[in-house]
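Values quoted throughout were computed directly from the atomic coordinates according to the rules given, and no laboratory measurement underlies them. Bear in mind that the values here come from a model prediction, so they are computed numbers and not experimental data. Neighbour counts run over all protein chains shown; Cβ positions are idealised from the backbone, glycine included.
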Amino acid sequence: MSIPLLGNPIQEKLVTVADVSWEEFKAIEAQLKDNRNVRLSYLSGILEIMSPIGDKHEYVKTTLGYLLEAYMRELGIRFYGRGGFTLEESGYASGTPDESYCIGSNKETPDIVIEVIVTSGTINRKELYKPKKVPEVWFWKSDQIKIFRLNAAGEYEEVNRSDFLPNLDLTLLLQYIKHPDQYDAVAEFLQAIRKIS
């Protein structure tokens, strides 16, 4: 038996299971409802199980959330943090974003959902949010942010800027997500925003 050394990062593991009925998925979900170290995603018969949720994933997710919230407060943009609650289309899709926000007013469906991808799976995560018509899906992966906007045809297309935060400089945002100190990252990001404004 090998014992991991302290300080080694936890490696996320992703298991994909095909041909899972909606009823089977809901039964598995019920069995794991109290286990916060497991994340389930379901799309049209495909079930992804991720566990454990790694430190890097949580650090990036939290830092990105802090930076976005600081940005919106600084610019007086009214927002409502919705966190990671499950968006579901019964019988077809179930996904839990890492963060989500409503802009302007609180709504049933968030305007922006954010996915932090450390371990890639087979499910197209944009498809998870299409049934709920989430206007924007943001992905952080490998030190890049990509934004996908739902178009008039009901498909997600990659865009350079958010409709909700059109003046947000994604390059600047990425610079502070990578900052080694989360607290300093937010403070320095705010200073940089004030210089630009």
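Any idea which residue in region 57-82 is farthest from the chain's Cα centre (by Cα), counting only those that are of a type outside the set (Val, Ile, Thr) and farther than 24 Å from ASP181 by Cβ?
Just the residues of region 57-82 that are of a type outside the set (Val, Ile, Thr), to begin with: 57-59, 61, 64-76, 78-82.
Keeping just the survivors that are farther than 24 Å from ASP181 by Cβ gives 76, 78-80, 82.
Working: GLY76: 23, ARG78: 20, PHE79: 16, TYR80: 15, ARG82: 11 Å.
Ranking the candidates gives GLY76 first.
Per-residue answers, yes or no, for (1) in contact with a Gly (Cβ under 8 Å, 6 or more places away or on another chain); (2) basic (Lys, Arg); (3) under 17 Å from PHE164 (Cβ atoms):
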{"position": "GLU48", "(1), (2), (3)": "yes, no, no"}
{"position": "GLY54", "(1), (2), (3)": "no, no, no"}
{"position": "TYR71", "(1), (2), (3)": "no, no, yes"}
{"position": "TYR80", "(1), (2), (3)": "no, no, yes"}
{"position": "PHE85", "(1), (2), (3)": "no, no, no"}
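Name the single residue that is surrounded by the most Cβ atoms within 10 Å (Cβ to Cβ) among those in region 81-113 being under 25 Å from TRP22 (Cα atoms) and in contact (Cβ under 8 Å) with a residue 60 or more places away in the chain. This residue is SER94. Checking region 61-77 against the condition returns a match, with at least one residue being touching a residue at least 24 places away in the same chain (Cβ under 8 Å) and within 20 Å of SER120 (Cβ to Cβ).
Please verify whether region 32-49 includes one or more residues that are closer than 19 Å to ILE123 by Cβ, of a type outside the set (Lys, Arg), part of a helix (DSSP H, G or I) and without any contact (Cβ under 8 Å) to a residue 24 or more places away in the chain. The answer is no, given that none of the residues of region 32-49 is closer than 19 Å to ILE123 by Cβ, of a type outside the set (Lys, Arg), part of a helix (DSSP H, G or I) and without any contact (Cβ under 8 Å) to a residue 24 or more places away in the chain.
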